[in-house]
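K.L.:
My questions all concern the structure below.
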Amino acid sequence: MYHKTTSYRVFNVFNTVFLLVLGLICVLPLVHVLAVSFSAKSAADANLVNLWPVEFTTVAYEKTINNPVFLSSVWVAVKRTLIGTVLTLVLACLAAYPMSKESSTFKARNIYAWVFVFTMIFQGGLVPFYVVIQNLNLINNFWVLVLPGAVNVWLTILLLNFFRGVPKELEEAALIDGAGHFRTLISIYLPVSLPALATLGLFSMVFHWNSWFDGLLYLQNKSDYPLATFLQTVIVQRDMSSMTFNPKEMELLSQKTVNAAQIFLGALPVLVVYPFLQKFFVKGLVLGSVKE
Amino acid sequence: MRGLKRNWQFHLMILPSLLFLIVFAYLPMAGIVMAFQDFKPWDGVFGSEWIGLENFRTMFERDDSIQVIWNTFIIAALKIIFNLVAPFTFAILLNEIRKAFISRTIQTLVYLPHFLSWVILGGILLNILSTDGGLVNRMLTSWFGIEPIFFLGDGNWFRFTVIASEVWKEFGYGTIVFLAALANINPSLYEAAEVDGATRWKQTLHITIPSLIPMAIVVGTLSLGNILNAGFDQIFNLYNPLVYEKGDILDTFVYRTAIEDGKFGFATAVGLFKSIVSMALIVISYRIAYKVANYRVF
């Protein structure tokens with residue numbers, strides 16, 4: 001038994017330590033940012049903070065959540081995430097159901113499938129896309145964050161593959177009872193697909209919450225930005241114009257601690273759903289990508 | 001026609017998605033005619049002057065666009081290689097850990113960065129990689145006595161940082177498919193090897209690794225389509241004019257030539273070049289994956 005040999009035991013100890021260190025490296029940068037966000041200006045600016053706050057304070061968070069531009073960007077992000085996810089899921093369910101049929105029952109299926117898949121392998125590119133958005137009068141319009149990405153082909157394919165696993169007998173029984181296809185989809189397919197829909201919904205939510213480029217490209221007013229775009233301008237472009245500091249605050253706050261607080265608040269919703277996501281995504285990923 | 005009558009519900013169900021795709025995917029595809037124009041926004045697609053392949057000739061004559069294609073290729077190729085090797089190795093090592101609790105903890109930690117956006121991670125990296133007392137440079141100085149490194153200000157270090165941080169973000173998530181493949185290995189193979197007195201190293205070499213090769217071929221082949229996808233989100237949030245020479249990629253180049261310089265026709269042509277090369281590689285790689293491993297998308 002190899003488990004009992006000394007060399008394997010030595011290996012096992014080193015291996016466990018090595019992998020745990022790798023795991024920690026994946027989260028320590030986030031812990032560091034969290035520590036900076038709760039530290040005092042003097043400690044943060046003097047680079048004294050490592051993984052634990054120095055002179056604990058919450059002023060950076062107070063300043064952030066009292067910034068009206070920050071608050072409005074959170075609201076835009078919440079709106080786009082909810083509306084976008086619901087729209088994507090509804091469209092995906094509707095399209096995945098007929099495309100999950102064999103081409104013997106639904107001849108046009110293969111044509112539709114190629115029309116969908118082709119959009120994944122070829123895109124018009126940034127400039128033509130911008131011109132289309134402009135001609136649709138979607139510039140500076142909230143719906144530019146939701147409509148262009150409403151059909152998620154990858155998600156539709158995952159759902160299509162899942163629908164194929166639904167026992168045919170269930171569907172046949174419903175059709176014999178006189179139910180149409182809409183009824184069959186709603187009362188047979190959707191209830192048995194709830195775990196899959198939950199997975200795809202969470203993925204779509206994280207995707208929407210993290211999207212920043214569309215906001216930067218198509219929206220000009222800071223007050224219309226979703227949170228991810230707002231963070232991009234503040235953290236990466238270092239645009240602090242939305243915040244004014246009075247002299248008293250200048251003593252307590254530094255750009256470093258405020259930025260750290262904003263980074264952490266931006267990541268927080270993803271961290272909150274992460275445990276649920278992890279429970280589902282292994283299944284979801286395997287469902288779509290690994291097949292015999 | 002009989003099919004339409006019988007299956008009208010099916011067509012109706014697909015119709016909404018189809019309309020969205022026509023407007024937001026196929027209409028922009030029609031817009032690639034701009035690549036053959038000296039496009040002026042005020043003249044529009046129908047009023048702008050046609051200049052044939054002039055934009056493409058400019059692309060292959062300008063030193064900066066050649067450099068950008070080269071940068072894109074190098075960064076993307078290295079990402080593809082390391083995003084294959086790192087999860088492959090990590091999955092094998094993780095598979096040796098028998099205590100489910102430890103294994104699950106490690107997985108929870110390494111999957112996390114995949115779900116954070118490059119805006120968040122870019123913000124974190126700008127912070128910890130700063131030469132002005134960033135966490136990483138402070139550690140390098142106090143532990144090894146190394147002078148602060150310009151991770152994001154020096155071209156070569158920038159490429160290194162981009163690839164290392166990409167692997168850091170994605171290796172955990174990439175492990176999942178390999179762990180699934182490992183779980184499918186027939187345990188009797190190991191039992192037989194055990195009876196024959198094979199050490200764990202021998203078992204890894206002759207059972208584990210060969211069992212993972214088909215999955216590695218699928219993952220590797222399918223990622224070929226990304227050979228000109230060096231990661232817009234990441235580069236855009238990390239780069240600055242100091243590292244354009246080594247770190248500017250096709251997507252960021254298209255963005256700047258279009259948005260900042262207003263050369264719309266030229267930017268469309270560069271984008272089209274990327275799209276065509278990517279499409280060709282995707283089609284080829286899916287054919288290979290289908291032939292070799294019987295992989296199908298749907």
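The values are calculated or read from the model by the stated rules, or taken from the named source; none is laboratory data. For clarity, every value in this text was computed on a predicted model and none was experimentally measured. Don't worry about glycine lacking a Cβ; one is built from the backbone with ideal geometry, like all the others, and counts go over all protein chains shown.
K.L.:
Look through segment B:110-129, keep the residues that are buried (at least 19 other Cβ atoms within 10 Å of the Cβ), outside any loop (DSSP other than H, G, I, E, B) and not aliphatic (A, V, I, L, M), and return whichever of them is farthest from the chain's Cα centre (by Cα).
P.N.:
My answer is B:127.
K.L.:
Another question about this same structure. Mind listing whichever residues of segment B:130-167 are of a type in the set (Ser, Thr, Tyr), surrounded by 14 or more Cβ atoms within 10 Å (Cβ to Cβ) and either touching a residue at least 24 places away in the same chain (Cβ under 8 Å) or assigned to a helix (DSSP H, G or I) (or both)?
P.N.:
B:141, B:161, B:165
K.L.:
I'd like to check which helices (runs of 4 or more DSSP H) are fully inside segment A:189-292 and have at least 2 residues that are at pLDDT below 75 and surrounded by fewer than 18 Cβ atoms within 10 Å (Cβ to Cβ).
P.N.:
A:247-252, A:255-289
K.L.:
Going by the conditions given, is residue B:219 β-branched (Val, Ile, Thr) and within 30 Å of residue A:216 (Cα to Cα)?
P.N.:
When the stated conditions are applied, residue B:219 does not pass them.
K.L.:
Identify, from the list B:264, B:178, the residue that is buried (at least 18 other Cβ atoms within 10 Å of the Cβ), hydrophobic (A, V, I, L, M, F, W, C) and touching a strand residue (DSSP E or B) at 6+ places or on another chain (Cβ under 9 Å).
P.N.:
Values: B:178 fails: touching a strand residue (DSSP E or B) at 6+ places or on another chain (Cβ under 9 Å).
After ruling out the rest, the residue left standing is B:264.
K.L.:
Just checking, how many residues over segment A:162-188 are facing chain B (nearest Cβ under 9 Å), surrounded by fewer than 20 Cβ atoms within 10 Å (Cβ to Cβ) and not hydrophobic (A, V, I, L, M, F, W, C)?
P.N.:
Kept after step one, since they are facing chain B (nearest Cβ under 9 Å), are these residues of segment A:162-188: A:164, A:180-182, A:185.
Remaining after also requiring surrounded by fewer than 20 Cβ atoms within 10 Å (Cβ to Cβ): A:164, A:180, A:182.
With the extra rule that they be not hydrophobic (A, V, I, L, M, F, W, C), the set shrinks to A:164, A:180.
Qualifying residue count for the region: 2.
K.L.:
Still on this model: Considering only segment B:21-44, how many residues are aliphatic (A, V, I, L, M), facing chain A (nearest Cβ under 8 Å) and either touching a residue at least 24 places away in the same chain (Cβ under 8 Å) or over 18 Å from residue B:55 (Cα atoms) (or both)?
P.N.:
So the answer is 6.
K.L.:
Looking at segment A:101-112, which of the residues that are more than 9 Å from every other protein chain (Cβ to nearest Cβ) and part of a loop (DSSP other than H, G, I, E, B) is surrounded by the most Cβ atoms within 10 Å (Cβ to Cβ)? Outline the logic, then answer.
P.N.:
To start, the set of residues in segment A:101-112 that are more than 9 Å from every other protein chain (Cβ to nearest Cβ) comprises A:102-104, A:110-111.
Then keep just the ones that are part of a loop (DSSP other than H, G, I, E, B); that gives A:102-104.
On the way: A:102: 10, A:103: 12, A:104: 7.
Only one residue tops the list, namely A:103.
K.L.:
Which of the residues that make up segment A:57-100 are within 30 Å of residue A:195 (Cβ to Cβ) and not in a helix (DSSP H, G or I)?
P.N.:
The answer is A:100, and nothing else.
K.L.:
Given the structure, is residue A:59 away from chain B (no Cβ under 12 Å), aliphatic (A, V, I, L, M) and in contact (Cβ under 8 Å) with a residue 60 or more places away in the chain?
P.N.:
Working: away from chain B (no Cβ under 12 Å): yes; aliphatic (A, V, I, L, M): yes; in contact (Cβ under 8 Å) with a residue 60 or more places away in the chain: yes.
Criteria met by residue A:59.
K.L.:
Mind counting the residues in segment A:33-51 that are at the interface with chain B (Cβ under 10 Å from one of its Cβ atoms), in a loop (DSSP other than H, G, I, E, B) and of a type outside the set (Val, Ile, Thr)?
P.N.:
5
K.L.:
I'd like to check which helices (runs of 4 or more DSSP H) are fully inside segment B:186-298 and have at least 1 residues that are among the polar types (S, T, N, Q) and at pLDDT 90 or above.
P.N.:
The qualifying helices (runs of 4 or more DSSP H) are B:187-195, B:200-203, B:209-222, B:232-238, B:250-255, B:264-293.
K.L.:
Please work out which residue is farthest from residue B:50 (Cα to Cα), limiting yourself to segment B:237-275 and to residues that are facing another protein chain (nearest Cβ under 10 Å) and among the small types (Gly, Ala, Ser).
P.N.:
B:275
K.L.:
Also: Spot the failing condition for residue A:54; the list is (1) surrounded by fewer than 22 Cβ atoms within 10 Å (Cβ to Cβ); (2) within 11 Å of another protein chain (Cβ to nearest Cβ); (3) over 22 Å from residue A:210 (Cα atoms), and only one is missed.
P.N.:
Unmet condition: (2).
K.L.:
For residue A:150, are the conditions met, namely being surrounded by 15 or more Cβ atoms within 10 Å (Cβ to Cβ), at the interface with chain B (Cβ under 7 Å from one of its Cβ atoms) and either among the hydrophobic types (A, V, I, L, M, F, W, C) or touching a residue at least 24 places away in the same chain (Cβ under 8 Å) (or both)? Don't jump to the end; show me each part of the working.
P.N.:
Values: surrounded by 15 or more Cβ atoms within 10 Å (Cβ to Cβ): yes; at the interface with chain B (Cβ under 7 Å from one of its Cβ atoms): yes; either among the hydrophobic types (A, V, I, L, M, F, W, C) or touching a residue at least 24 places away in the same chain (Cβ under 8 Å) (or both): yes.
Judged against the criteria, residue A:150 is a match.
K.L.:
Is it true that residue B:172 is within 9 Å of chain A (Cβ to nearest Cβ) and touching a helix residue (DSSP H, G or I) at 6+ places or on another chain (Cβ under 6 Å)? Show your work before the answer.
P.N.:
Working: within 9 Å of chain A (Cβ to nearest Cβ): yes; touching a helix residue (DSSP H, G or I) at 6+ places or on another chain (Cβ under 6 Å): yes.
So residue B:172 fits the description; yes.
K.L.:
Any residue in segment A:121-133 that is more than 7 Å from every other protein chain (Cβ to nearest Cβ) sitting within a Cβ distance under 8 Å of a residue that is crowded, with 22+ Cβ neighbours inside 10 Å? List the pairs, counting only those 6 or more apart or interchain.
P.N.:
Final answer for the pair search is A:130/B:258.
K.L.:
Quick check: anything in segment A:77-92 among the small types (Gly, Ala, Ser), within 30 Å of residue A:148 (Cα to Cα) and either more than 12 Å from chain B (Cβ to nearest Cβ) or without any contact (Cβ under 8 Å) to a residue 60 or more places away in the chain (or both)?
P.N.:
Yes.
K.L.:
Of the numbered conditions (1) modelled with pLDDT of 90 or more; (2) of a type outside the set (S, T, N, Q); (3) over 30 Å from residue B:39 (Cβ atoms); (4) surrounded by fewer than 17 Cβ atoms within 10 Å (Cβ to Cβ), residue A:70 fails exactly one; give the number of that condition.
P.N.:
Among (1) modelled with pLDDT of 90 or more; (2) of a type outside the set (S, T, N, Q); (3) over 30 Å from residue B:39 (Cβ atoms); (4) surrounded by fewer than 17 Cβ atoms within 10 Å (Cβ to Cβ), residue A:70 violates only (4).
K.L.:
Could you list, in sequence order, the residues of segment A:162-183 that are in contact (Cβ under 8 Å) with a residue 24 or more places away in the chain, of a type outside the set (Lys, Arg) and either closer than 14 Å to residue A:98 by Cβ or touching an Asp or Glu at 6+ places or on another chain (Cβ under 6 Å) (or both)?
P.N.:
Correct list: A:163, A:166, A:181.
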